[in-house]
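Written below as structure tokens is the structure these notes are about.
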Amino acid sequence: MTYRTSQPINCECGHRGSLDCAENDSPYGKGWEHYTLSGFKGGEIQLTGGERLAQPILVAIEPECPACGKVGAVSYGSAEAK
């Protein structure tokens, strides 16, 4: 079964979106995590079998704000931010 989570992210300009994760939570299946963006342009990342990145997920995905056009000006935040 797939377990889904979503974490709020915010651009410096105040635009809001989320970093979404779908992961395999089956105790007998191979582990994987798939990260995508909502509300921002950018890539996606799939990690498998305990693989870890040398950089934070938000840096690796390189989110681009649709409101101001900045790339990488996004940080984790709350839905109530600006």
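Nothing in this text is a laboratory measurement; each read-out follows from the coordinates by a stated rule. Owing to the predicted nature of the structure, the values given are computational and were not obtained by experimental measurement. All Cβ positions, even for glycine, are placed from backbone atoms using ideal geometry, and neighbour counts span all protein chains on display.
Summed over the stretch 26-53, residues that are loosely packed, with under 11 Cβ neighbours inside 10 Å and closer than 29 Å to Pro66 by Cα total 1.
Do we find a residue being out of contact with any Phe, Trp or Tyr (no Cβ under 6 Å at 6 or more places or on another chain), in contact (Cβ under 8 Å) with a residue 24 or more places away in the chain and among the charged types (D, E, K, R) anywhere in the stretch 31-38? Within the stretch 31-38, not a single residue is out of contact with any Phe, Trp or Tyr (no Cβ under 6 Å at 6 or more places or on another chain), in contact (Cβ under 8 Å) with a residue 24 or more places away in the chain and among the charged types (D, E, K, R).
Do we have any residue at all in the stretch 69-79 that's within 9 Å of the chain's Cα centre (by Cα) and not aromatic (Phe, Trp, Tyr)? The answer is no; no qualifying residue exists.
Summed over the stretch 1-28, the residues that are farther than 20 Å from Glu62 by Cβ and of a type in the set (Val, Ile, Thr) give a count of 2.
Mind checking whether some residue in the stretch 10-18 is surrounded by fewer than 16 Cβ atoms within 10 Å (Cβ to Cβ) and under 10 Å from the mean Cα position of the chain (by Cα)? No - not one qualifying residue is present in the stretch 10-18. Glu62 meets all of the listed conditions (1) surrounded by 15 or more Cβ atoms within 10 Å (Cβ to Cβ); (2) free of Cβ contacts under 8 Å to residues at least 24 places away in the same chain but one, namely (1).
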